[in-house]
Amino acid sequence: MKLGKYIHYVIPANPTLAKEAFRKRARERGNSNEWIERVVKFIGTKPDYLTDEELKQTYIHFIPSNSYLSDWIR
């Protein structure tokens, strides 16, 4: 942000479904349950730690819950 860049948050429209999909995909990749639970808590959370000034440089995008992030990054 200090470099004048914008932050883009990608948040699933339905965090509960997204967490279920993430857990399933992570297990299929061989990730441990411990790792999955450490990461899953960040899915669907809005940034509540940014200042008002930082929020002016922040975009929040809501996407379908069953999407992969790579579906939206080009």
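Brief remarks on what is shown
- Distance histogram for the chain (every C-alpha pair counted, 5 angstrom bins, percent rounded to whole numbers): 3, 14, 22, 20, 17, 13, 7, 3, 0
- Sites Ile63 and Ser32 - FRET efficiency at Förster radius 25 Å, r taken between beta-carbons, to 0.05: 0.40
- Summed side-chain charge close to Tyr59 - residues other than Tyr59 whose Cβ falls under 13 Å, Lys, Arg +1, Asp, Glu -1: +2
- Placing Leu50, Leu55 in order of accessible area, with the largest value first and a 1.4 Å probe, yields Leu55, Leu50.
- Each Lys and Arg contributes +1 and each Asp and Glu -1, all at the Cβ; summed about the Cα centre of the chain, the dipole is approximately 260 debye.
- Cα-based Lys proximity count in the chain, under 27 Å, for pairs eight or more positions apart or on separate chains: 11
- Rolling a 1.4 Å probe over the protein heavy atoms leaves Tyr6 with an accessible area of roughly 130 Å².
The values are calculated or read from the model by the stated rules, or taken from the named source; none is laboratory data. Everything numeric in this text was worked out from a predicted model, so none of it was measured. Ideal geometry is used to build each Cβ from the backbone, glycine not excepted, and the neighbour counts take in all protein chains shown. Keep in mind that these areas ignore ligands, DNA and RNA; they rest on the heavy atoms of the full protein, side chains included. Shrake-Rupley method; radii C 1.70, N 1.55, O 1.52, S 1.80 Å.
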